[in-house]
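These notes are about the structure you will find just below.
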Amino acid sequence: MNFQPSESIPGRRAPIWVKDSETSMCMCCSAPFTPFRRRHHCRACGDVICGKCSSRRTALAYNENREKRVCDPCFRKLSNLDQLRKDSTESVSTTSSSEEQNCRRGILQVKANEPAVLSGYMNMGCNKKNLSRRFFAVHEDFVLYSYKAHQDVVAMTSLPLPGYMVARDDADERGFKVLHIQEKKMYYFQTEDKASRNRWVEGLQELVQLRMPKISGAVPRTPV
């Protein structure tokens, strides 16, 4: 019988809430929040979810077993644990976990907070005049994903990096370009400062050549 460590069981300890501003969509179903689709917090894990994905309540250990609003994944996990304790048998299956592991992820179904080779906020556009603030993350598949916020569970866009060129903008110490000569594509990026620009450029110059950069990790997440 495999029991989860207490740290991984939702509801054992009070969660650290994800800030409303850190995600633009439900962290369960990825539906975008609107004035009519409001944000709610799961009292078990702290994720920001929509009303449809947080319609259930269950007892939470850290809150003296009072019933609180939880997201559907936490409800399933806690229901499975309750059933496991009642039956005291190994025959109880963790259905939700197996479904999540076996579920095929679409090309954009990559969470922004997954481990990344490079990540951070930048402004981006097809030219200098029309830039939009986004959170970017490059994973080991050599794809650059963009998100509205760094806790989003689905990416907005994906850009396979091999075949592109990366060049600094000599006129702007915070800017650089990602170009594809054959496909005649160009994307302009602007970082928080020169140091962040250099980190991104050096990392991307390796990644477009299908090489992992020597220095990787999160670039400071201060919005630009």
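Restricting attention to region 189-200, the residues that are part of a helix (DSSP H, G or I) and surrounded by 19 or more Cβ atoms within 10 Å (Cβ to Cβ) add up to 4. Evaluate region 40-55: report whether one residue or more is out of contact with any Asp or Glu (no Cβ under 9 Å at 6 or more places or on another chain), modelled with pLDDT of 90 or more and farther than 16 Å from residue 72 by Cα. No: zero hits. Return yes or no: is residue 108 surrounded by 12 or more Cβ atoms within 10 Å (Cβ to Cβ), modelled with pLDDT under 90, within 16 Å of the chain's Cα centre (by Cα) and of a type outside the set (Val, Ile, Thr)? It is true that residue 108 is surrounded by 12 or more Cβ atoms within 10 Å (Cβ to Cβ), modelled with pLDDT under 90, within 16 Å of the chain's Cα centre (by Cα) and of a type outside the set (Val, Ile, Thr). Of all residue pairs spaced 6 or more apart or on separate chains, those with beta-carbon atoms under 9 Å, a first member in region 22-37 that is aromatic (Phe, Trp, Tyr) and a second member that is open to solvent by 30 Å² or more (accessible area, probe 1.4 Å) are 33/20; 33/39. Taking only region 116-142 into account, find how many residues are open to solvent by 20 Å² or more (accessible area, probe 1.4 Å) and of a type in the set (A, V, I, L, M). Total satisfying the criteria: 3. For residues in region 64-82 being out of contact with any Pro (no Cβ under 7 Å at 6 or more places or on another chain) and assigned to a helix (DSSP H, G or I), which is most open to solvent (accessible area, probe 1.4 Å)? Only one residue tops the list, namely 76. In region 43-63, the condition of being farther than 16 Å from residue 14 by Cα, more than 19 Å from the chain's Cα centre (by Cα) and in a helix (DSSP H, G or I) is met by at least one residue. Whether a residue is closer than 30 Å to residue 46 by Cβ, open to solvent by 50 Å² or more (accessible area, probe 1.4 Å) and either free of Cβ contacts under 8 Å to residues at least 12 places away in the same chain or under 15 Å from the mean Cα position of the chain (by Cα) (or both) was assessed, and residue 184 does not pass this test.
In region 201-219, of all residues being part of a loop (DSSP other than H, G, I, E, B) and out of contact with any Phe, Trp or Tyr (no Cβ under 8 Å at 6 or more places or on another chain), the one that is modelled with the lowest pLDDT corresponds to 216. Scanning region 144-175 for residues that are of a type in the set (Gly, Ala, Ser), more than 18 Å from residue 115 (Cα to Cα), open to solvent by 20 Å² or more (accessible area, probe 1.4 Å) and part of a strand (DSSP E or B) gives a single hit, 167.
The values are calculated or read from the model by the stated rules, or taken from the named source; none is laboratory data. Because the structure is a prediction, the values reported are computed rather than measured. Positions of Cβ are generated from backbone atoms using ideal geometry, with glycine treated the same way; all protein chains shown enter the neighbour counts. SASA here: full protein model, heavy atoms, side chains in, ligands and nucleic acids out. Shrake-Rupley method; radii C 1.70, N 1.55, O 1.52, S 1.80 Å.
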